[in-house]
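See structure below.
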Amino acid sequence: MDEARIKDGEQTPREDPTGPTAVAAVPGSSIPPEELEQLTADIVGALKTVYDPEIPSDIYELGLIYKIDIADDRAVAIEMTLTTPNCPSAQELPTMVENAAASVPGVGEVKVNIVWDPPWDPSRMSDEARAILNMW
């Protein structure tokens with residue numbers, strides 16, 4: 001399956017696996033690049049509206065989104081983690097992420113998968129999240 005992928009914290013793939021995710025297209029995608037770029041930006045924008053109820057920063061800037069795959073049929077698969085396996089919001093956050101991504105016009109079916117590898121740690125946060133949480 002050809003797909004576009006958001007991964008690893010930069011507009012292009014990078015070696016450092018920390019930080020929030022961003023865009024890297026998989027060669028051969030049938031989605032026109034401009035459309036893929038807009039769809040990706042819209043999905044990321046929607047994910048930035050989802051907040052962990054206990055942390056005053058959105059889940060994207062916290063680095064909880066590890067990967068977003070956009071298939072040619074515009075189905076979206078999201079890999080995310082939580083700050084801890086005992087997160088009190090573990091039941092609601094994946095549903096909130098699914099609903100946010102599904103609200104983007106042009107997005108097909110959305111599936112969210114919780115992953116624990118690599119484990120989340122504060123080094124995955126963006127500078128914006130660090131500033132909000134005063135974690136310098």
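The values are calculated or read from the model by the stated rules, or taken from the named source; none is laboratory data. This is a predicted model, so every value here is computed, not measured. A quick note on method: Cβ atoms are made from the backbone with ideal geometry, for glycine too, and the neighbour counts reach across all protein chains shown. Note: areas computed on protein heavy atoms with side chains; ligands, DNA, RNA excluded. Shrake-Rupley method; radii C 1.70, N 1.55, O 1.52, S 1.80 Å.
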* Structure fact -> Taking 59-70, 111-122 and ranking on average Cβ neighbours within 10 Å, highest first, one gets 59-70, 111-122
* Structure fact -> Ignoring ligands and nucleic acids, S123 exposes an accessible area, probe 1.4 Å, in Å² to the nearest 10, of 50
* Between E35 and N86, what FRET efficiency follows from the Cβ-Cβ distance if R0 is 41 Å, with the result rounded to 0.05? -> 0.55
* Asked: What's the extension gain from D117 to D73 if we count 0.36 nm per residue and subtract their Cα-Cα distance?
  -> 13.1 nm
* **Label-point separation in nm, D42 to T95, each point 7 Å along Cα→Cβ** => 2.5
* Mind ranking 82-94, 38-50 by how tightly packed they are, going by the mean number of other C-beta atoms within 10 angstrom, highest first? => 38-50, 82-94
